[in-house]
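Chemist: Have a look at this one before I ask anything.
The values are calculated or read from the model by the stated rules, or taken from the named source; none is laboratory data. Only a predicted model underlies this, so the values are computations on that prediction, with no experimental measurement involved. Positions of Cβ are backbone-derived with ideal geometry, glycine not excepted, and every protein chain shown enters the neighbour counts.
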Amino acid sequence: MTLPPDPEPDPPSAAEPGGGVSPGATPPVEGSATQGLAHQETTPSPRWVNTLVFVLMVVLLVLVLGFVVTHLIAFIRGL
């Protein structure tokens, strides 16, 4: 049984006789060694999203502080 021929033969390499590489050429093994190692950069959120989150946090802080102050005043008057 014989195997079918390779549909995409290897591209010609820049290797010189003896295994060396001509100056300025990157060997295929070294060129692909770092491919895919870097993390993907995410696109930053739009500015309005950051502003909305900030405003919601400030509103929540004001509500919590109002709740605490109201209960402290009620506690002090109850004494």
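Chemist: Please pick out the residue among 59, 21 that is surrounded by 10 or more Cβ atoms within 10 Å (Cβ to Cβ), at pLDDT 70 or above and among the β-branched types (Val, Ile, Thr).
Modeler: On inspection, the qualifying residue turns out to be 59.
Chemist: Just to check your reading of the model, which residue among 70, 43, 26, 2 is of a type outside the set (A, V, I, L, M, F, W, C) and modelled with pLDDT under 70?
Modeler: 26
Chemist: Continuing with this model, one more query. Name the residues in the range 36-76 that are assigned to a helix (DSSP H, G or I), under 26 Å from the mean Cα position of the chain (by Cα) and among the hydroxyl-bearing types (Ser, Thr, Tyr), would you?
Modeler: Correct list: 51 only.
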